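Contents: one structure, followed by commentary.
The values are calculated or read from the model by the stated rules, or taken from the named source; none is laboratory data. Since we're looking at a predicted model, the values are computed, not measured. Positions of Cβ are generated from backbone atoms using ideal geometry, with glycine treated the same way; all protein chains shown enter the neighbour counts. Ligands, DNA and RNA are excluded from the accessible area calculation, which covers all protein heavy atoms including side chains. Shrake-Rupley method; radii C 1.70, N 1.55, O 1.52, S 1.80 Å.
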Amino acid sequence: IESGKMEIVNSEYKLGEALNDVVTMTELKAKQKGLQFEVEIEKDLPDMLYGDDVRIKQVLLNLLNNAVKYTPKGMVVLKVCGEYQEENKINLIMSVRDTGIGIKKEDINSLFEHFHRMDLSANRNIEGTGLGLAITDNLIQMMDGKIEVDSTYGVGTIFTVSIAQQICGEGKIGDF
């Protein structure tokens, strides 16, 4: 990303298929850990969009994998909804909520720094490089999106990503 070699490649894609890929990859990990995994997808979201579905899937997978990794018990929830903008644009709002260990308020500002891991004493047995959220943040910025974090230490965390997408058809995602 820093060398400028990574590009956003926009194309038409089916939102339902992209979300299905992400859910399928996350479901097993959550189940193996004994976590409840819930998916809440707004039924009237447009299914045919124009954007970089590969990068959107990377962002969601990283957030979901982190949620599973840092949640010893309880649940992880993926919620996807939208805010209609101009005539053929939607702001896709994707959130990942967990009942995990949470993040201390003083650590939230450094959350997206390279090679930075939070609360090392509590997380020393959890694998990772500390690059995931930095890369996720960069990808979101490359797509002109934004990410927000709301966390209560010891209770859980919600990451909310917002990325504008162009609507390419009349079809709706339906009952996911």
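Laid out as a table, the results:
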| item | result |
| --- | --- |
| Inter-site label distance for Lys29 and Glu106 at 7 Å from Cα along Cβ, in nm | 3.0 nm |
| For the range 1-59, size of Cβ-based charge dipole, Lys and Arg +1, Asp and Glu -1, in debye | 360 debye |
| Filter on Lys57/Lys146; Lys14/Lys43; Lys31/Lys105 - keep pairs with C-alpha separation over 20 Å | Lys31/Lys105 |
| Only Lys, Arg (+1) and Asp, Glu (-1) charged, at Cβ; the range 17-92 dipole about Cα centre in debye | 720 debye |
| Dipole magnitude of the chain about its Cα centre (Cβ charges: Lys, Arg +1; Asp, Glu -1), debye to nearest 20 | 860 debye |
| Those aspartates and glutamates that a straight Cα-Cα span of less than 12 Å connects to Lys172, excepting residues fewer than 8 apart in one chain | Glu42, Asp44, Asp47 |
| Longest exposed-site-free window of the chain, the sites being GluC sites (Glu not before Pro) in a DSSP loop that have at most 16 other C-beta atoms within 10 Å | 43-85 |
| Heavy-atom surface of the chain, accessible at 1.4 Å and reported per residue (Å²) | 55 Å² |
| Pair Val54, Val149: separation of 7 Å Cα→Cβ label points (nm) | 2.8 nm |
| Charge sum, other residues only, whose C-beta stays under 15 Å from Val80's C-beta, Lys/Arg counted +1 and Asp/Glu -1 | -4 |
| Candidate values [x] 1.04; [y] 0.97; [z] 1.02, label of the one derived for Rg/Rh (Cα atoms, Kirkwood Rh) | [y] |
| Sequence-distant aspartates and glutamates (8 or more away, or on other chains) whose Cα lies within less than 19 Å of Lys33 | Asp98, Glu127 |
| Integer Hz, Karplus 6.51/-1.76/1.60 couplings in order for the range 81-94, x for Gly and Pro | 9, x, 10, 5, 9, 5, 3, 10, 10, 9, 8, 7, 10, 10 |
| Extended-chain gain in nm, criterion 0.36 nm per residue less alpha-carbon gap, Glu17 and Tyr84 | 22.1 nm |
| Rg/Rh for the range 1-96, where both radii come from Cα atoms and Rh is the Kirkwood radius | 1.01 |
